[in-house]
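Everything on this sheet refers to the single structure shown next.
The values are calculated or read from the model by the stated rules, or taken from the named source; none is laboratory data. Since the structure is predicted, the reported quantities are computational estimates derived from the model, not experimental observations. Counting neighbours? That spans all protein chains shown, and the Cβs are built from the backbone with ideal geometry, glycine included.
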Amino acid sequence: MNNKKGYTAVELVIVIAVFTVGYFVTANLLSRDFDVDYEQDLYDLKIAAIEEQAAIYGEAHTEIFAEGNDAYMTVEELALENVIISTSEGVVADPRNSEETLNDLRVKITSNDDEVTAEVLA
């Protein structure tokens with residue numbers, strides 16, 4: 001009498017192959033639900049960093065508020081003042097498109113009661 005206890009190697013390989021195919025099909029279907037736009041996230045982070053650095057610049061250079069509570073600067077001007085990270089030529093790259101720059105964006109720096117805020121204007 002031949003008592004067979006366990007599985008053969010071929011049976012185990014077939015089971016592993018079926019589970020692997022099932023895993024990849026399920027992962028592919030689920031990954032479509034998590035469509036992440038990393039370039040837009042990087043852009044949003046860069047804009048937030050520009051606003052933060054412009055506010056710090058405004059706190060240190062109160063002379064820009066000589067004409068009023070608001071001062072307007074471009075990203076290029078802030079880059080040339082070494083306020084934000086840029087190339088040596090003062091170019092701030094757009095993370096959404098490597099051919100474009102953020103240099104033409106205007107930044108509104110506002111001083112209200114010893115609080116300085118900045119906002120990138122679109």
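Observations on the structure shown:
- Counting residues in the range 36-46 that are in contact with a Ser or Thr (Cβ under 6 Å, 6 or more places away or on another chain), outside any helix (DSSP H, G or I) and hydrophobic (A, V, I, L, M, F, W, C) gives zero.
- Members of the range 23-55 found to be within 9 Å of the chain's Cα centre (by Cα) and of a type in the set (Ser, Thr, Tyr), listed by number: 38, 43
- The set of residues from the range 71-122 being in a helix (DSSP H, G or I) and under 14 Å from residue 61 (Cβ atoms) comprises 77, 78, 80.
- Residue that is modelled with the highest pLDDT, among those in the range 83-99 that are buried (at least 16 other Cβ atoms within 10 Å of the Cβ) and of a type in the set (Gly, Ala, Ser): 93
- Picking from residues in the range 36-82 that are free of Cβ contacts under 8 Å to residues at least 24 places away in the same chain and under 17 Å from residue 112 (Cα atoms), the one that is surrounded by the most Cβ atoms within 10 Å (Cβ to Cβ) is 61.
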